[in-house]
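Each remark here refers to the structure printed beneath this line.
The values are calculated or read from the model by the stated rules, or taken from the named source; none is laboratory data. Quick caveat: nothing in here was measured; it's all calculated off a predicted structure. All Cβ positions, glycine included, derive from the backbone under ideal geometry; neighbour counts span all protein chains shown. For accessibility, only protein heavy atoms count, side chains too; no ligands or nucleic acids. Shrake-Rupley method; radii C 1.70, N 1.55, O 1.52, S 1.80 Å.
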Amino acid sequence: SPPAIIAPSILSADFAQLGKACADTIAQGADWLHVDIMDGHFVPNMTFGAPVVTKIRPHVDRPPGAYGKGTFDCHMMIAEPKRWVKDFKSAGCDLYCFHYEAAISSTAADTPSGTSNAKTSPKELIRYIHDLDMQAGIAIKPSTPVDVLWEILENPVAEERPDMVLIMTVEPGFGGQSFMASELPKVTALRNKYPELQIEVDGGLSEKTIDQAADAGANVIVAGSAVFGAADPGEVIRKLREAVDG
Ligand code: DX5
Ligand code: ZN
């Protein structure tokens with residue numbers, strides 16, 4: 001597997017101090033910040049949108065598009081993923097990770113004003129994200145089989161292939177849920193075929209569950225409540241990293 005990337009989910013941070021929480025978390029050793037965007041349609045919860053990302057992005061001392069430390073990993077739990085790509089680019093998003101399930105059922109236009117009812121496909125959406133100089137991720141929910149990803153990953157056209165796959169290890173929508181070990185065979189199957197792929201796991205990751213996820217081959221580790229609920233977040237980040245890098 002590629003080296004560990006620890007991406008605390010700011011969903012569990014104090015929303016009244018979000019900019020400070022981002023800066024502190026990076027200072028405590030986080031690589032990326034995982035930013036959960038929920039629209040109340042794709043998932044039964046709402047968080048915030050691009051205007052909030054615009055305001056918190058400058059609290060991290062890393063220019064958008066530089067990648068590495070400070071990457072804003074935006075997990076788009078939204079029904080119309082194509083519609084918000086440009087807004088998130090402007091807000092400073094580095095990695096736009098959309099849900100497969102939303103992409104295949106969405107007829108959204110690519111601008112908020114709406115000019116097209118054309119359906120989008122994952123590969124077209126990935127190309128569109130890449131054209132705007134962001135990395136592209138594709139996420140699947142627990143109910144979606146990993147098999148839907150093979151065709152997308154095997155695309156010979158590089159611009160249409162994702163930079164990262166996100167395997168949800170809870171039902172998306174809320175922090176603090178129990179880890180679903182039932183999802184790990186998806187990670188193993190991906191890792192066996194793609195030794196260099198960035199494979200992210202999200203939901204219920206902690207010092208208790210990290211070993212299983214690391215053994216399966218995950219290297220991008222999201223953790224919300226485990227990091228922000230800890231007395232020493234830096235210590236949790238270190239332990240998660242150790243478990244992946246060995
Ligand atoms: C859930 C979100 C997760 C969440 C993880 O829908 O996608 O990123 O914040 O929180 P924990 O680590 O507490 O399960
Ligand atoms: Zn998430």
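List of remarks:
- Region 7-30 versus region 184-239: alpha-carbon centroid distance in Å: 18 Å
- Protein accessible area in the chain, 1.4 Å probe - carbon and sulfur %: 51 percent
- Amide H contacts of Ser9: His34, Ala223, Gly224, each under 5 Å away and 5 or more positions distant or on a separate chain (H built 1.01 Å from N in the peptide plane; Pro and chain starts excluded).
- Vicinal HN-Hα couplings computed from phi for region 145-157 (Karplus, 6.51 cos²θ - 1.76 cosθ + 1.60; Hz; Gly/Pro x): x, 5, 4, 5, 8, 4, 4, 5, 6, 8, 4, x, 8
- Bridge orientation summary for region 1-84: considering DSSP beta bridges with both residues in this region, about 10 percent are antiparallel.
- Within the chain, antiparallel bridges make up roughly 5 percent of the DSSP beta bridges whose residues both belong there.
- For the chain: rounded, prolate or oblate by the Cα gyration tensor [a/c cutoff 1.5]: oblate
- Table column - 3J(HN,Hα) (Hz), region 218-235, Karplus curve with 6.51, -1.76, 1.60, x for Gly and Pro: 6, 10, 9, 10, 8, 8, x, 4, 5, 7, 6, x, 8, 5, 10, x, x, 5
- Listed peptides 189-198, 34-43 appear in the order 34-43, 189-198 once ranked by packing, highest mean of other Cβ atoms within 10 Å at the front.
- In the context of the full set of protein chains, residues of the chain present 42 Å² of accessible surface per residue (probe radius 1.4 Å, heavy atoms only).
- The number of Lys pairs in the chain with C-alpha atoms less than 12 Å apart, excluding pairs fewer than 8 positions apart on the same chain, is 5.
- Among 90-99, 168-177, 52-61, the peptide with the highest mean count of other Cβ atoms within 10 Å heads the list, and the full ranking is 90-99, 168-177, 52-61.
- Evaluating 6.51 cos²θ - 1.76 cosθ + 1.60 at θ = phi - 60° for every residue in region 13-20, the Karplus couplings come out as 7, 6, 5, 7, 10, 5, x, 5 Hz, glycine and proline recorded as x.
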